[in-house]
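> One structure coming up, written as structure tokens, with questions to follow.
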Amino acid sequence: MKVLLDECLPDELKDSVAAMGHECQTVRRAGYGSKKNGELLALAEGRWDVLLTSDRNIKYQQNMTGRSVSVLILRAKTNRMKDLLPLMPACAEALLSIQAGQVLEVGPL
């Protein structure tokens, strides 16, 4: 699965996603830096399978109907690695089941 890591998450998280066996790239490295969510999702269409983010509002702001890209939201206290790493097992499980156009959330908050 091709995973695009949103700017709101630390770049180091890319290694954790890659360790799960997924191709992962940061938004900036993909050339999509400073794009708003709607534009980012449009750019990701057909190139990426999942946008990994901690932006909880994206599910209310974006219509995912008919999209080929999906969104996986990490719900953590902060976007620091110490708070995100415990979510990686649930993230791995979600990446195995997420469908195109779907928004899933993992984490306790």
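Just so it is clear, none of the values below were taken in a lab; they were calculated from the coordinates. All figures in this text were calculated on a predicted structure; none of them were measured in a lab.
> Across 5 Å bins from 0, what is the distribution of all Cα-Cα pair distances for region 36-84, in whole percents?
5, 20, 30, 22, 12, 9, 2
> So, one more: What three numbers, in Å, describe the spread of the alpha carbons of region 2-94 along their principal axes, ordered from the longest?
32, 25, 25
> If I stretch the segment between Gln99 and Glu12 completely, what's the gain in nm (0.36 nm per residue apart, minus their alpha carbon distance), one decimal?
28.8 nm
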